[in-house]
Amino acid sequence: MSRLAPKKPSLCSDGPLTDEVCQTLSVFREILKSCYGPCGRLKLIHNNRGGRVQTTSSSAVLLNGVPLSHPVLKLLAASVMNHVSRFSDCGLFAAIFGCTLIENTQRLNMASSSVIKIYRQLLSLSIAYLNSEDCSCRVKVDFKSSQTLLALARTVIASKPACMLTFKEGEYISSMVLKAFLRTVPCTVGPNACLGKMVIVPIEGNIAQDTAVLSGLLVEMPEALPLSNIKRLSSSCINVAVFNVSMSGDLSDAADGTVEISCTVSPEAAILEQLLRVGKQMVSERVGLLVCQKVVHPVLKQYLQEQHVIVVDRLGAALMEPLVQMTGAQSVASYQSAVPSSCYGLLKDLCVVSFGSKELLHLIPGEDSTVCSLVLCNRNETTLSELKIACQTAEHVLRLSLTRPFALLGGGCTETHLASYIRSKCTNRIEDVLSDLACSYTEYQLAVDSFCRSLESLARSLEHDGGESLVDLSHGHQWFVQSSSPLNSHWKDLVNSCGCGLFKKHQSLDWAILGDRYPSLTPGTDCSQFEETTPNLFVLDSFPAKINALQIAVETANLILDLKYIIQDVN
Amino acid sequence: MNHVHSLDIGTLIQIAETLESIVCQCFGPNGGQVLFTKATGDILVTRDGQRVLNSLLLDHPIARMIVDCVSAHCSVTGDGAKSFILLLSALLRGLQALVDKGTAGQSTCHNFLGRAKQRSQEMKHVTDCLLTFQTQVLDQIIRRHLNQHVTSLFTGDKMTVTNDKMRSIMEAYFCGKIGNVHCKFLSEMACDYFFKCTCDQGRGQTLNLICRHFIDLHTAVKGFPIGSSRILEGLVLHRDFTVYCQTDGQLKVLVVTEPIQPPLSDAGTTLLLRSNFQLQSSNIWIAKRVEEIMNFLQQNQVKLLLSSVKQSDVVLYHAKLCGISVVQCIEADELSLFCYLAGIAPLSSPWDILHTRDTDLANAVFCKPVLLGPHRYAHIGLMNRGDFSPHCVILCGPIPGLTEQCVSAFHGGFKMLQHVFEPVDLSQGQEPCNTNPNNANADEAHQVLTHCSLETVVQEDSIIDTLNKTSDRHDIRCPTTEEMCASSNLVSDKEQGEVITEDPRANQSSLAADVILDIRNTQTGILAGCKTTGDNLDEQLKQMNMNCENKAREMGSMLGQHGCAFSSCAIQKDSTAAKNTQRDIRGSALTQEHVDVLIEAGSVLPVGGSFEFLLHHYLRLYAQHSLQPEVKTTCSLVADAVLNVPRNIYNTKSTNRHFLQVYTKVRNDIQSKGCIIDCPQLLESMSCKYQLLVSVLQCVRSLVTIDSLIGIDRKTQNTTEGETEDVE
């Protein structure tokens, strides 16, 4: 009878972390864990009714594409997604760490409120250590050489195996991203200095080695462009006029009132007349290129082309900003009055470039422009879209390194080092901490152990091929051993260098299996070794992204552990 | 009428206890949070009792009624939803036990129906007693006993709040609203925010402004840890600059609510175009007009244009050429807040702009874009305007559901403060209003008398002595001088020491409603004057009253927290009763304005169940000395019920041991030293606690008086009867 159904009562479930939920959580964790790192396995996302198939191992695509059933998982995924939207990197890190922390805590059988307090304290301890001067798992970004920046970019590109790049291609792409990034940094430093823009132009079908960086912008080729126009222009500088108003000849809105037009009047003709007047001005003032964000009336277009002015229309709002930035033009919004000559911008040159089957118009700016285009090539659509994400992430990571000029050691070394640091800090002289947290020594140790084991298991999950993970007993770094190694050999014979590449094996080092109880160690604080040698193959992670991911993961895990009820509105 | 269910107290208890079991999980220092997924799929994390109860969307009409009562209470005080349920279920349980005991005694009726009838009679009786309990017992106990234990938030003569006290009361509030680990950080931020916004004067104004405009004064940012939350100076408008031109230093701001570009034709008019040239020239005229306006603004040093509507491309283009930044599509509320803070009125039509005077322009200290999470917003620094120095809060969280929790906790915290800063009037809980001043006085006199009848009586000389001392020290809070009565006719009725005479009604009758004077002062001279009896007393007092009112005004501003005692002399004009000069000197934290203040503004108690323990203690004491059995039973009923709140606070791992330890310690403290020692540092509002208890008592009464539920089937009702009353 009535369409208004009474609201159904909500579903209220007690104790959200039941065994069943933990099971779901561990499935979720296993999926993410197997994607983690450069050797991670790929996931194919599809629905059984056809549609797009995505191959990926990145958290952004995975969490976006897979609908999650349980509210707790949704909560975790939402906070990871929000982190990724801010920092682009370390999404999987946050998600896996959060999951592992929750699962480990469930096994502890302690009151969640005290565990939460301890985790909170450990988190602030870790953040304080990572931010402190004597932190030995971070390195300063050296802007004098490209090595650290290249390492940062390479780590991001390499951690996305779904791009299907060979080692050499990966190196090449990383260097291209770095090159593009460096182009966006302005040469002059002033109060108004701001970073330029890197525009990614994806080209499908070519091999990754065709990727190139061009300064300036690439725009779609205007149809029916006589090549003679370009040839005629390419001798000197080119005046550019940029319009952001529609030049299609529409009548502007009459607001609330009405406009009555007698039958002799043709508004389109009247406006076209005005447009042509502007066109004449363009021609007389030697404008070589007219760019319009919206549509240009075909009559005007034809007129301008006859007068050897190149017209690019339907540019779209996204490219307007870099175009204005690059040419120094003012975007004009009025064609009623004459365009002031201060609004024109300058271009150095114009040419046609072709990538594969695609022909693009290349707008070449002056020398100190901060706008560049990264023409990204890869074999097929899926790998290209994954590569695009990887490059965007790498560029974001490089940008972040400008705000905080640090990088954290990658390859699991930061995690194991941090874990051993926390363990060593939390065994002695902790009476004050205990009284602050109001918990017993045993409780505290249990929680600390669970926190550190979560960190270590995160480091271990970089290894996917059944190999063993070791930790050295002087620096607390992670070392990998291949699974095929003979059983009766010494660790010393099996390892080469640690996960991040900072340390090579030498006689004084000793190892233990990661994950077992290993003798407590106070990680060495001297990083001098690194200052001297700058090996090429470092693995470095973004400092701001990882710190935020760590905080987000612990906060979300705390939140989930603190939940007493789930109320679901089922209407 | 298809389904008629008789409703007995068992059902009520069942419902209340179900709610209790949900709510108590989030209650107290170890309480957790609730994850709520909305029908839209949004996730919300909350610890707020009201939100939890509302999100349950309950089915049972009684449960819905309870939730409505809770919501009504929370909308007033902004706090106490969880305690409400705890108190309610404890009271209902107590009621059931009482009724069971009452009916078991008299076993005249053996059949079920008869017993049920008897039970309902008994119940009716007890609830009627509960009705009078508030006015007759609770208010007196609050006024006489609990007021000695409160401390005031204010220090100094200007009613300022110290940072420490503010922190303690805020932290106590945040503990109940957000996760434990963050409450210290966020409560400190809330205090900082309050102090940053408050200027020298107009604290109430500031709070009102914060409460009313908190939506515009905060920005929620997702994707960052909560620790990144901060306070920014100035105002963040939640829109980005459409045109941004860098400026340094001070600037002038113009606010418009209409498009600057004149339309081709206005509303209600018709533009008749006869030739192409007309169209072209009108278009050109419009463009010229915009250019003219923007040039005018540039000449007047306007650097920023705020608009509530979208401006045309032409306007933006000319703004850019003139170096004017533009923020458009600002929400009306936000813009009106800006105008209020800047002290200007927005301009509407483009014609007004050319006649702009300097007073129509706002002055800003700076304007720059600020990047908060994914969005870039306009950040504008405003001049400080007397009662509010503009600041805004940035609240970060990993997910929107969590920032929402922080936002509502912040907002609620300020609402709670607003409530704490207001006194509770006696009339509020008692009578709807006292329009007649005589009535008010009579009511007051009644209060005075009841007090007198309950009070320790001291010899007149000693009163004067102590008063002399105390008025010198401005501190009348010590128990012996706290309340005194020097009434000659009552002295004879009383014994020395702590005697409690019951039946206030008798006293009421002895006192005619004709009260002519009340004097608020501590001057002992007046007290001496009061002592003398006779016809000239009236005139004397009238004169003194005038003096005193002047003095009282001075003192009101002079005396701060430490005691502006007042003496209220109620003098009966009646010739026979002329001798009965009633005096009541009440020492309470602070009284400046009204006589009928029950709880002073800013009264706070330590957290951790202090209020409940104290109330329990005094109710028990009262019940012991009470002669009326009804009062005895209601007192002990409420006394036991209030303990349910601390029981849940100290309930760790569902054992009662901790609670019992605390309870024993507190009881010993009260009995031996008269107050609770080493209570927690955090503070909570006394008036909130009091109003909570009053609301719960009212709710219980309305619940218990229902005897059956009538379910109706809408379909049959519509076809057959049409207009039956809808009773649910």
Just the residues that are more than 16 Å from B:T403 (Cβ to Cβ) and touching a residue at least 24 places away in the same chain (Cβ under 8 Å), please, taken from region A:67-79. A:L68, A:S69, A:H70, A:P71, A:V72, A:L73, A:L76
Subset of region A:430-465, residues open to solvent by 30 Å² or more (accessible area, probe 1.4 Å), over 23 Å from A:E30 (Cα atoms) and of a type outside the set (A, V, I, L, M), comes to A:E431, A:D432, A:S435, A:D436, A:S440, A:Y441, A:T442, A:E443, A:Q445
Region A:85-111, residues that are free of Cβ contacts under 8 Å to residues at least 40 places away in the same chain and within 10 Å of chain B (Cβ to nearest Cβ): A:S85, A:A111
Taking region B:1-25, which residues are in contact with a strand residue (DSSP E or B) (Cβ under 6 Å, 6 or more places away or on another chain) and hydrophobic (A, V, I, L, M, F, W, C)? B:M1, B:V4, B:L7
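Listed here are the residues, each with its yes/no results for (1) of a type outside the set (D, E); (2) more than 17 Å from B:S702 (Cβ to Cβ).
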{"position": "B:L12", "(1), (2)": "yes, no"}
{"position": "B:E20", "(1), (2)": "no, yes"}
{"position": "B:P29", "(1), (2)": "yes, yes"}
{"position": "B:T40", "(1), (2)": "yes, yes"}
{"position": "B:L44", "(1), (2)": "yes, yes"}
{"position": "B:D48", "(1), (2)": "no, yes"}
{"position": "B:N54", "(1), (2)": "yes, yes"}
{"position": "B:M65", "(1), (2)": "yes, no"}
{"position": "B:D68", "(1), (2)": "no, no"}
Return the residue satisfying two criteria in turn: it lies in region B:248-266 and is open to solvent by 30 Å² or more (accessible area, probe 1.4 Å) and closer than 30 Å to B:F366 by Cα, and of such residues it is farthest from the other protein chains (Cβ to nearest Cβ). B:K252
Scan region A:74-84 and tell me whether some residue there is in a loop (DSSP other than H, G, I, E, B), under 30 Å from A:V570 (Cβ atoms), within 14 Å of another protein chain (Cβ to nearest Cβ) and open to solvent by 40 Å² or more (accessible area, probe 1.4 Å). no
Could you give me the residue pairs with C-beta distances under 6 Å whose first residue belongs to region A:268-288 and is more than 9 Å from chain B (Cβ to nearest Cβ) and on the phi < 0 side of the Ramachandran plot, whose second residue is surrounded by fewer than 15 Cβ atoms within 10 Å (Cβ to Cβ) and among the polar types (S, T, N, Q) wherever it lies, and which are 6+ apart or on separate chains? A:V283/A:Q307
What's the total number of residues in region A:261-278 that are touching a Lys or Arg at 6+ places or on another chain (Cβ under 9 Å) and either closer than 18 Å to A:T327 by Cβ or surrounded by 15 or more Cβ atoms within 10 Å (Cβ to Cβ) (or both)? 2
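Which residue, of B:I284, B:I293, is within 14 Å of chain A (Cβ to nearest Cβ), assigned to a helix (DSSP H, G or I) and free of Cβ contacts under 8 Å to residues at least 60 places away in the same chain?
The unique qualifying residue is B:I284.
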Which residues, counting only those in region B:223-242, are on the phi > 0 side of the Ramachandran plot and either over 28 Å from the mean Cα position of the chain (by Cα) or of a type in the set (D, E) (or both)? B:G223
Could you list, in sequence order, the residues of region A:190-204 that are of a type in the set (G, A, S) and either open to solvent by 30 Å² or more (accessible area, probe 1.4 Å) or within 15 Å of A:L387 (Cβ to Cβ) (or both)? A:G190, A:A193
Over region A:407-429, the set of residues open to solvent by less than 10 Å² (accessible area, probe 1.4 Å) and in a loop (DSSP other than H, G, I, E, B) is A:G410, A:G412, A:C426
With A:K179, A:K168, A:K144 as the choices, which residue is more than 30 Å from B:L35 (Cβ to Cβ), assigned to a helix (DSSP H, G or I) and out of contact with any helix residue (DSSP H, G or I) (no Cβ under 9 Å at 6 or more places or on another chain)? A:K179
For region B:1-99, which fully contained helices (runs of 4 or more DSSP H) count at least 3 residues that are over 21 Å from B:C406 (Cβ atoms)? B:9-23, B:61-77
Going by the structure shown, is B:Q136 surrounded by fewer than 22 Cβ atoms within 10 Å (Cβ to Cβ), assigned to a helix (DSSP H, G or I) and free of Cβ contacts under 8 Å to residues at least 40 places away in the same chain? no
Quickly run through region A:284-300 and pick out the residues that are more than 19 Å from A:Q330 (Cβ to Cβ) and touching a helix residue (DSSP H, G or I) at 6+ places or on another chain (Cβ under 7 Å). A:H297, A:V299, A:L300
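Is there a residue being in contact with an Asp or Glu (Cβ under 9 Å, 6 or more places away or on another chain), over 18 Å from B:Q691 (Cα atoms) and away from every other protein chain (no Cβ under 14 Å) anywhere in region B:630-643? Let's see the steps before the verdict.
In the first step, residues of region B:630-643 are kept if they are in contact with an Asp or Glu (Cβ under 9 Å, 6 or more places away or on another chain); the result is B:630-631, B:642-643.
This time we only want the ones that are over 18 Å from B:Q691 (Cα atoms), so: B:630-631.
The next check asks that each one be away from every other protein chain (no Cβ under 14 Å); those that pass are B:630-631.
Yes, region B:630-643 contains at least one residue that is in contact with an Asp or Glu (Cβ under 9 Å, 6 or more places away or on another chain), over 18 Å from B:Q691 (Cα atoms) and away from every other protein chain (no Cβ under 14 Å).
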Kindly indicate which of B:S702, B:S672, B:S695 is of a type in the set (S, T, Y), within 26 Å of B:G32 (Cα to Cα) and in the same structural domain as B:R119 (by TED's automatic domain parsing). B:S695
Identify the single condition in (1) at pLDDT 90 or above; (2) more than 12 Å from chain A (Cβ to nearest Cβ); (3) open to solvent by less than 10 Å² (accessible area, probe 1.4 Å) that B:V221 does not satisfy, given that it satisfies every other one. (2)
Does at least one position in region B:267-279 carry a residue that is open to solvent by 40 Å² or more (accessible area, probe 1.4 Å), free of Cβ contacts under 8 Å to residues at least 12 places away in the same chain, over 28 Å from the mean Cα position of the chain (by Cα) and under 27 Å from B:C322 (Cβ atoms)? no
Do we have B:I676 as more than 14 Å from chain A (Cβ to nearest Cβ), modelled with pLDDT under 85, within 25 Å of B:A601 (Cβ to Cβ) and outside any helix (DSSP H, G or I) here? yes
crowded, with 21+ Cβ neighbours inside 10 Å, aliphatic (A, V, I, L, M), touching a Leu at 6+ places or on another chain (Cβ under 8 Å) and facing chain A (nearest Cβ under 9 Å): which single residue out of B:L19, B:L35, B:L87 fits that description? B:L35
Right, B:C396: in contact (Cβ under 8 Å) with a residue 40 or more places away in the chain, in contact with a Pro (Cβ under 8 Å, 6 or more places away or on another chain), within 14 Å of chain A (Cβ to nearest Cβ) and of a type outside the set (V, I, T) or not? yes
Scanning region B:49-78 residue by residue, the ones that are more than 14 Å from chain A (Cβ to nearest Cβ) and open to solvent by 50 Å² or more (accessible area, probe 1.4 Å) total 5
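Please go through region A:138-151 and give me each residue that is within 26 Å of A:Y421 (Cα to Cα) and either of a type in the set (K, R) or out of contact with any Gly (no Cβ under 9 Å at 6 or more places or on another chain) (or both), ordered by number.
Residues satisfying the conditions are A:R138, A:V139, A:K140, A:V141, A:D142, A:T148.
The values are calculated or read from the model by the stated rules, or taken from the named source; none is laboratory data. Note that the structure is a prediction, hence the values are computed from the model and not measured. No Cβ is skipped: glycine too gets one built from the backbone with ideal geometry, and neighbour counts run over all protein chains shown. Just the protein is used for accessible areas: all its heavy atoms, side chains included, with ligands, DNA and RNA removed. Shrake-Rupley method; radii C 1.70, N 1.55, O 1.52, S 1.80 Å.
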